[in-house]
Amino acid sequence: MSDLQMTDVVPLVPRARTGVGHVAPLLPLEVSGLRLDVGGAALLDGVDLTLAPGGCTVIMGPNGAGKSILLKLLHGLLAPSSGSVSWNALPATQATARQALVFQKPVLLRRSVAANMDFVLKARGADRGRRDALLEDVGLAHKARQPARLLSGGEAQRLALARALATDPEVLFLDEPTASLDPASVLVIERIVGEACARGTRIVFVTHDIGQARRIADEVVFLHRGRVAEHSRATDFFPEPRSQAARDYLAGKIIV
Amino acid sequence: MQSIGEAFRLAFTLVVTGEADLYEIVALSLQVSLSATLLACLVGLPIGALVAVSRFRGRGLVLVVMNALMGLPPVVVGLLVYLYLSRSGPLGFLGLLYTPGAMILAQTILIVPIVAALSRQVLEDLHAEYAEQFRSLCLSRWQSVTTLLWDGRYALLTVGLAGFGRAVAEVGAVIIVGGNIDHATRVMTTAIALETSKGDLPLALALGIVLLVLALGVNAGVQSLRMSAARHAMVGASHV
Ligand SMILES: Nc1ncnc2c1ncn2[C@@H]1O[C@H](COP(=O)(O)OP(=O)(O)OP(=O)(O)O)[C@@H](O)[C@H]1O
Ligand SMILES: [Mg+2]
């Protein structure tokens, strides 16, 4: 259960996007009583959450806490057993097209790196001219002609990020996007995500890397056993987490 | 009647010297079965892909029927096509009976279920991997289907090959709707059946050898294509 109401949070970054001015923004997000039961087990057990416009929310929590599942529910890929997800009054499934999700396991088409980018740009009717700049950004320009599925784990994740950015999403979900990256690449990804955030893309970032969370988080949602154990500003969370689970997690204790 | 050894020797001579009658028969076989395979793929692949990406009531029943139709007896298909194409049949005006066109039609019907059922399996596995990404991108069903067909193209070659193998080897359907007419509708299988019954073993054997070599050759070709595709990670399971 969330023990903090985030209603007093002001937008961290003003959203300054072009071309969507006539459409209502997707934020704020209101999640209430979100449950997902599979085979008698509650994978999510009553999640209440409010996300204000702008900024970077980091979701943390032990393995199996339900982080990936929560992202998929917010993105409209899974239907909840009960409860609701409301993107500024839009149901999750109607917000999907304006968002992008970088999966924990990147799903790459059996095509070249460049063709993977083209596919997404075409599907979203976006300008294909941006492809090379995006690949350049994630350091994959020199691999453009290579089969995507021969990329290393880290390269695959960088391609998945470039592909997600290609859709120019209003909300970008990232599920441990730097889990298999070398330290330099981690910083590159953080810079790219930070730039997207500065341009007004709402970031929801799952990570186990506490140092990374400190660097990028404006606020932290700590999940534990399918519930929100804590939802705090980053400046409050890291010095002094209020939930026992988060304290143990940050102290490196095994929690289940 | 010659000894078997003699028959083999004559058969090889026929194959090597490129005897005209023999190659006419082989050419027609290829023309009919390749056309049927192409048509069956045009019809069967979209069916397989659509079933692979769709969830609907009665889907289980559709799968059972698709799988059952893979075992359609060629003579039954031949008989049905015959009834439709015969002069008094609903399609009799086409005048197709006893032409290669009728044989293509019969073989197409015979292998559409094979192409549909096998491609459904291949594409469903691929879709299981891609489905969440597709939904994240809000792809239409049509976009999903075309993407699966393109990305699964190397795996689907094997499906086409299975269809071709069935078509080129069957005798029951083409003999009924084609009639095994010399220089018109005689293909390898019907010729082998006829020549064997007439006792002309060298010609029957020669055709049998060509049929075997053809089957091996097509298999080897597809296999090497798949291997080169695998080297480029265009087929097979995800590496991550
Ligand atoms: N389709 C499913 N059916 C049944 N259980 C599932 C399914 N998907 C996930 N789970 C279970 O739900 C729980 C939460 O999964 P989830 O992937 O959200 O964890 P996570 O917090 O992302 O963990 P990690 O840090 O390891 O990525 C896990 O215990 C997992 O086994
Ligand atoms: Mg996860």
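The values are calculated or read from the model by the stated rules, or taken from the named source; none is laboratory data. Computed from a predicted model, the values in this text were never measured in an experiment. A quick note on method: Cβ atoms are made from the backbone with ideal geometry, for glycine too, and the neighbour counts reach across all protein chains shown. Protein only, heavy atoms only, side chains kept; ligands, DNA and RNA dropped before computing areas. Shrake-Rupley method; radii C 1.70, N 1.55, O 1.52, S 1.80 Å.
Name the single residue, out of those in region A:62-82 being among the small types (G, A, S), touching a Lys or Arg at 6+ places or on another chain (Cβ under 8 Å) and open to solvent by 30 Å² or more (accessible area, probe 1.4 Å), that is nearest to ligand 2 (Cβ to nearest atom).
The qualifying residue nearest to ligand 2 (Cβ to nearest atom) is A:S81.
Would you confirm whether any residue within region A:147-158 is closer than 20 Å to A:L101 by Cα and either of a type in the set (V, I, T) or away from every other protein chain (no Cβ under 14 Å) (or both)?
So far as region A:147-158 goes, no, none of its residues is closer than 20 Å to A:L101 by Cα and either of a type in the set (V, I, T) or away from every other protein chain (no Cβ under 14 Å) (or both).
What are the residue pairs meeting all of these: first residue in region A:157-184, first residue under 17 Å from A:E136 (Cβ atoms) and within 16 Å of ligand 1 (Cβ to nearest atom), second residue open to solvent by less than 10 Å² (accessible area, probe 1.4 Å) and of a type in the set (A, V, I, L, M, F, W, C), Cβ atoms under 6 Å, and 6 or more apart or on different chains?
Correct list of pairs: A:A160/A:V102.
Would you pick out the residues in region A:25-45 that are of a type outside the set (V, I, T), assigned to a strand (DSSP E or B) and open to solvent by less than 10 Å² (accessible area, probe 1.4 Å)? Can you show your working first?
The initial filter retains those residues of region A:25-45 that are of a type outside the set (V, I, T), namely A:25-30, A:32-37, A:39-45.
Pick out the ones that are also assigned to a strand (DSSP E or B) and you get A:29-30, A:32-37, A:41-45.
Of everything in region A:25-45, those that are of a type outside the set (V, I, T), assigned to a strand (DSSP E or B) and open to solvent by less than 10 Å² (accessible area, probe 1.4 Å) turn out to be A:L29, A:L34, A:L44.
With respect to the numbered conditions (1) of a type in the set (A, V, I, L, M); (2) surrounded by fewer than 20 Cβ atoms within 10 Å (Cβ to Cβ); (3) within 15 Å of ligand 2 (Cβ to nearest atom), which one is the sole condition not fulfilled by A:I59?
The single condition A:I59 does not satisfy is (2).
Using beta carbons and a limit of 6 Å, which pairs, at least six apart or on different chains, have the first residue in region A:103-114 and closer than 9 Å to A:P177 by Cα and more than 9 Å from chain B (Cβ to nearest Cβ) and the second one within 16 Å of ligand 2 (Cβ to nearest atom) and among the charged types (D, E, K, R)?
Final answer for the pair search is A:Q104/A:D175; A:Q104/A:E176.
Just to verify a result, which residue in region A:182-211, among those that are within 16 Å of ligand 2 (Cβ to nearest atom) and open to solvent by less than 30 Å² (accessible area, probe 1.4 Å), is nearest to the other protein chains (Cβ to nearest Cβ)?
A:V204
Can you tell me which residues in region B:177-188 are surrounded by fewer than 24 Cβ atoms within 10 Å (Cβ to Cβ) and either part of a helix (DSSP H, G or I) or in contact (Cβ under 8 Å) with a residue 12 or more places away in the chain (or both)?
Residues of region B:177-188 surrounded by fewer than 24 Cβ atoms within 10 Å (Cβ to Cβ): B:179-186.
If the condition is that a residue be surrounded by fewer than 24 Cβ atoms within 10 Å (Cβ to Cβ) and either part of a helix (DSSP H, G or I) or in contact (Cβ under 8 Å) with a residue 12 or more places away in the chain (or both), then B:G179, B:N180, B:I181, B:H183, B:A184, B:T185, B:R186 are the ones that fit.
Evaluate the following for A:L101: is it modelled with pLDDT of 95 or more, assigned to a strand (DSSP E or B), surrounded by 21 or more Cβ atoms within 10 Å (Cβ to Cβ) and within 16 Å of ligand 2 (Cβ to nearest atom)?
Details: modelled with pLDDT of 95 or more: yes; assigned to a strand (DSSP E or B): yes; surrounded by 21 or more Cβ atoms within 10 Å (Cβ to Cβ): yes; within 16 Å of ligand 2 (Cβ to nearest atom): yes.
When the stated conditions are applied, A:L101 passes them.
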